[in-house]
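Below is one structure, written out as structure tokens; comments come after it.
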Amino acid sequence: MQLNIGIGAPLRLATAAVALLVAFGSQAQGDYPARPVQVVVAYPAGGGTDTLARLITNELTKDLGQSFVVVNRPGASGLIGTSSVARAAPDGYTLLLDTGNVTLRPAIEPSTPFRPKDFAPIALLTESPVALAVNADLPVNSVPELIAYSRANPGKVNYASTGPGSPQNLVGELMKKQAGVDWVQVPYQGGAAALNDLNAGRVQVMFSNPVPLMPYVATHRLKVLAVTSRERLPALDSVPHMAEAGQRDFVIGFWNGVLAPAGTPAPIVKKLGDALLKTVALPHVREALVRQGSVLTPLGPAPFAKYMTEDSARWERIAKTIDYKPAQ
């Protein structure tokens, strides 16, 4: 006897199986996070990005009931840590706290091993205008004085960067072109090492996120001559912005945001985005960030994605202006 079950039964079985998988996936995402989450910082401990990461992860741990652990993976101007997240499993357990590498590097280096499409934007947290800092022993107290000193000492003023193609490098080269000065780039693996040498006088100039500069400024070991925002920063209210210092069209900033590998489930992205926006709205977090020189610019996943597209175009324009040549 031949048993004829027809096409309806297999279809019903397949539908039930799919429903089971969807339900299981939804439950797994609903339980997220079920284990510790790594937040990769592509620079050494002690820099501004690392400081922000530890502040944010502490709050996420309390809010979401699982450990959010900062993992420092420095090297190659941020490429090593950033690439590791692009290749990670898209399950929400490996995140990146980025300073804009995801948009900057592909815009200027065709060989960059990742693209913005390799990431799922979760939340933009802050923007940090760049602070132009100099060693306290350098005999200048303003941007015009720095330019005059540099022109009188061509090739003798060094500026610190975190490597060729880094934001510090691009901003430093833009300043060289716009001000007509001859500076020498000195690359470092991370901002903390560069800052140590700036403090010691082994380099004279650095464009930096204001956050790690604040303790040195408070103890008069460094001087901040200008910031690259449109307005003065509350944390550095006596410091002029670049337009006030005579350098117009010099509005540049770093951004800090959290991303996941592309393909991370939308419910996880939303849950993380909501938690991050809640975190930066906390009064003590806001106060800490403003005090350190950051500007709060919270955006969720969709507006953050649009922001990233615009940022890529901005770095393409800057690279063209300074005639940046990618490494061979």
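Computed from the coordinates by the stated procedures, all read-outs in this text should not be read as laboratory data. What you see is a predicted model, and the numbers here were worked out from it, not measured in a lab. Positions of Cβ are generated from backbone atoms using ideal geometry, with glycine treated the same way; all protein chains shown enter the neighbour counts.
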Protection proxy (average C-beta count within 10 Å per residue), highest first, orders 79-88, 99-108, 44-53 as 99-108, 44-53, 79-88
Percent antiparallel among DSSP beta bridges confined to region 131-236, nearest 5, equals 55 percent
Expressed in angstrom and rounded, the centroid-to-centroid distance over alpha carbons for region 248-309 and region 143-183 is 30 Å
Simple spin-label estimate for R232/A34, 7 Å along Cα→Cβ, in nm, reads 5.4 nm
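For A243 and N196 in the same chain, what is the full-extension length gain: residue separation times 0.36 nm, less their Cα-Cα distance, in nm? Walk me through the numbers on the way to the answer.
Numbers: separation 47, 0.36 × 47 = 16.92 nm, distance 2.84 nm.
So the extension gain works out to 14.1 nm.
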Per-residue ellipticity at 222 nm attributable to helices in the chain (runs of n ≥ 4 DSSP H, -39500 (n - 2.57) apiece, nearest 500 deg cm²/dmol) works out to -13500 deg cm²/dmol
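Mean separation of Cα pairs under 8 Å and 6+ residues apart, divided by the residue count of the chain: what relative contact order is that in percent? If you can, show how the numbers build up before the last one.
Values: 635 pairs, mean separation 83.2, N = 328.
Once normalised by length, the contact order is 25 percent.
Please identify the trypsin sites (Lys or Arg not before Pro) of region 138-241 that satisfy two criteria: DSSP loop assignment and at most 14 other Cβ atoms within 10 Å. Which are they?
Details: sites: R151, K156, K176, K177, R202, R221, K223, R230, R232; in loops: K156, R202, R221, R230, R232.
When the trypsin sites (Lys or Arg not before Pro) of region 138-241 are filtered for loop state and at most 14 Cβ neighbours within 10 Å, K156, R202, R230 remain.
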Helix 143-152: inclination vs the chain longest Cα principal axis, degrees, rounded to 10, gives 60 degrees
L213 neighbourhood, Cβ < 13 Å, K/R = +1, D/E = -1, net charge +3
PRE zone check, label point 7 Å out along Cα-to-Cβ of Q189, amide N under 19 Å, scope region 40-65, hits 40-51
Measuring from the longest principal axis of the C-alpha atoms of the chain, the long axis of helix 167-179 (C-alpha) lies at a number of degrees, nearest 10, equal to 40 degrees
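Under the 0.36 nm per residue contour assumption, what length would be gained going from the current alpha-carbon distance of R291 and A262 to full extension?
Working: separation 29, 0.36 × 29 = 10.44 nm, distance 3.35 nm.
Full extension from R291 to A262 adds 7.1 nm.
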Calculating semi-axes √(5λ) of the Cα gyration tensor in Å from this structure picks out, from (1) 50, 19, 17; (2) 45, 21, 16; (3) 40, 20, 18, entry (2)
On the formula 1/(1 + (r/R0)^6), with r taken between the Cβ atoms of A302 and H220 and R0 of 41 Å, the FRET efficiency rounded to 0.05 is 0.40
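Sort region 131-236 into rounded, prolate or oblate with this rule: let a ≥ b ≥ c be the square roots of the eigenvalues of the Cα gyration tensor; rounded if a/c is under 1.5, and if a/c is not under 1.5, prolate when a/b is larger than b/c, oblate otherwise.
Working: a/c = 1.27, a/b = 1.14, b/c = 1.11.
It is rounded, given that a/c, with a ≥ b ≥ c, falls under 1.5.
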